[in-house]
Amino acid sequence: MPAPCPPLRIAILGVGKIGSAFAFQLVRTGGHDVTVIARPDSVRLAQLERDQAIVDIKGERAGVRVASRLDEAAPYDLLIVTLLAHQTDPLLPALQRSAASCIQFMFNTFQPERLEAAIGPERCAFGMPFVQATLDADGRLKATIGAGGQKTLMSRQRWVDVFNAAGLPAALEPEMPLWLRCHVPLCVAFESVSVAGERRGGGASWGEALVLARGVHASFALIRSLGYDVYPRTKQRVDGSPAWVLATMLWFMSRIRSFRELLASGSAECGALVDAMLSAAPLGRSPVAVSDIEAMKPS
């Protein structure tokens, strides 16, 4: 069993599926003082204000403080941002002013250095959540944590320890910014093929899967053109495989209903990540097939 951590003052900005799962575990198992911050006038905020807790489908409760905006003066030990990258941009000034000791961005981004520059390297941390969670119409949480040995990746050992002690399996990834950048092509492909599969009601077409496979290869070429290695080895193997191999994997995955339903809601994130790659393309040292990258957007 991981050693218990002293109670911390933690805020979670974004109380959707992932943020709710984190809050529930950090309170119930970790024993931390957690404030959740939901969008003003949202259905989720109303649910949280009604319950003053994260409630799971069994009726178990994790009491939290509820807010509609970030208290910039609050000296949180950790502020976890579980929004998407494109949703975070308008909040960067408030995050810069925040008195939080550490701000951890828990989402996929092609431009992690931009966030680090805005917040400051001493306060900025990154992570990638690997938790499967849903919220029902009443806001009740159903979470599957640690399935198949999955662990949330984090850039700082301190927060790895906090998460593990709270029953949220986590592991240190020292190259977290590079890991996130190199995950973007696959994230886009998985989300886009899921959207296509849901639209067709049973899976993407072979042509759609092949377009996405070519886009993944063009995206990795962009990463190398920008002066970065493709990381880690698992993604190097994807990068080195023929397009038809990756297309076959995407085609089959799009036929798994649970996979489609989990990722088909990411259409907006998918488009924003493609736009981020396209905006970086002119900075590369060599030309890349930007049309193949652009073609990855869900139609």
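The values are calculated or read from the model by the stated rules, or taken from the named source; none is laboratory data. Quantities reported herein were computed from a predicted structural model and do not represent experimental measurements. In this analysis, Cβ positions are derived from the backbone assuming ideal geometry, glycine residues included, and neighbour counts consider all displayed protein chains. In case anyone asks, the SASA skips ligands and DNA or RNA and just uses the protein heavy atoms, side chains included. Shrake-Rupley method; radii C 1.70, N 1.55, O 1.52, S 1.80 Å.
Observations
- If you go through the range 224-247 and keep only what is touching a Phe, Trp or Tyr at 6+ places or on another chain (Cβ under 9 Å) and touching a residue at least 24 places away in the same chain (Cβ under 8 Å), you end up with VAL230, TYR231, PRO232, LYS235, VAL238, ALA247.
- Segments classed as strands (runs of 3 or more DSSP E), wholly inside the range 1-94, with at least 1 members that are closer than 25 Å to LEU262 by Cα and either free of Cβ contacts under 8 Å to residues at least 60 places away in the same chain or open to solvent by 30 Å² or more (accessible area, probe 1.4 Å) (or both): 33-37, 53-55, 61-63
- Those residues of the range 125-148 which are modelled with pLDDT of 95 or more and either closer than 23 Å to SER219 by Cβ or open to solvent by less than 10 Å² (accessible area, probe 1.4 Å) (or both), in sequence order: ALA125, PHE126, GLY127, MET128, PRO129, GLY139, LEU141
- Residue selected from the range 204-220 under the condition over 15 Å from PRO298 (Cβ atoms) and over 23 Å from the mean Cα position of the chain (by Cα), by the criterion least open to solvent (accessible area, probe 1.4 Å): LEU210
- Residue that is surrounded by the most Cβ atoms within 10 Å (Cβ to Cβ), among those in the range 231-273 that are of a type in the set (Lys, Arg) and in a helix (DSSP H, G or I): ARG260
- Taken together, the criteria exclude THR134 from residues that are assigned to a loop (DSSP other than H, G, I, E, B) and hydroxyl-bearing (Ser, Thr, Tyr).
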